[in-house]
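Student: Below is a structure I'd like to ask you about.
Nothing in this text is a laboratory measurement; each read-out follows from the coordinates by a stated rule. Everything numeric here is computed off the predicted structure, so don't read it as measured data.
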Amino acid sequence: MAPWPSDFRTRAIFGNKLVKRRRLNIYDLNRKMNLVSGGTDYAGFGQLDVVIEAIVEDMNIKKKVIGETAGHCKPDCVIATNTHRFP
């Protein structure tokens, strides 16, 4: 199996369970995992179709980060958030 960055460890464990239960084969798991990446800067954001924001639950920070992120993305990029509440 291909080595994944440590921040994807949880997803890899979940994926391995799907392989063990024969819901997904190892080839498809690796193919899907290779489509996911993470980062700490905006390099490459201009070509993304989807961005998922997952930062602290502070609306002022979220607004700032989402606004800044949108400035680095193409106009039709979907920016999603894991926020469970909005004011």
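Student: Before anything else, pin down the relative contact order of segment 37-87: Cα pairs under 8 Å, at least 6 apart, normalised by residue count, whole percent.
Tutor: It comes to 50 percent, rounded to a whole number.
Student: State the extension gain, in nm to one decimal, for the chain segment bounded by Asn30 and His72, taking 0.36 nm per residue of separation less the distance between their alpha-carbons. Present the calculation step by step, with values, prior to reporting the outcome.
Tutor: Values: separation 42, 0.36 × 42 = 15.12 nm, distance 2.83 nm.
Going from the current span to full extension adds 12.3 nm.
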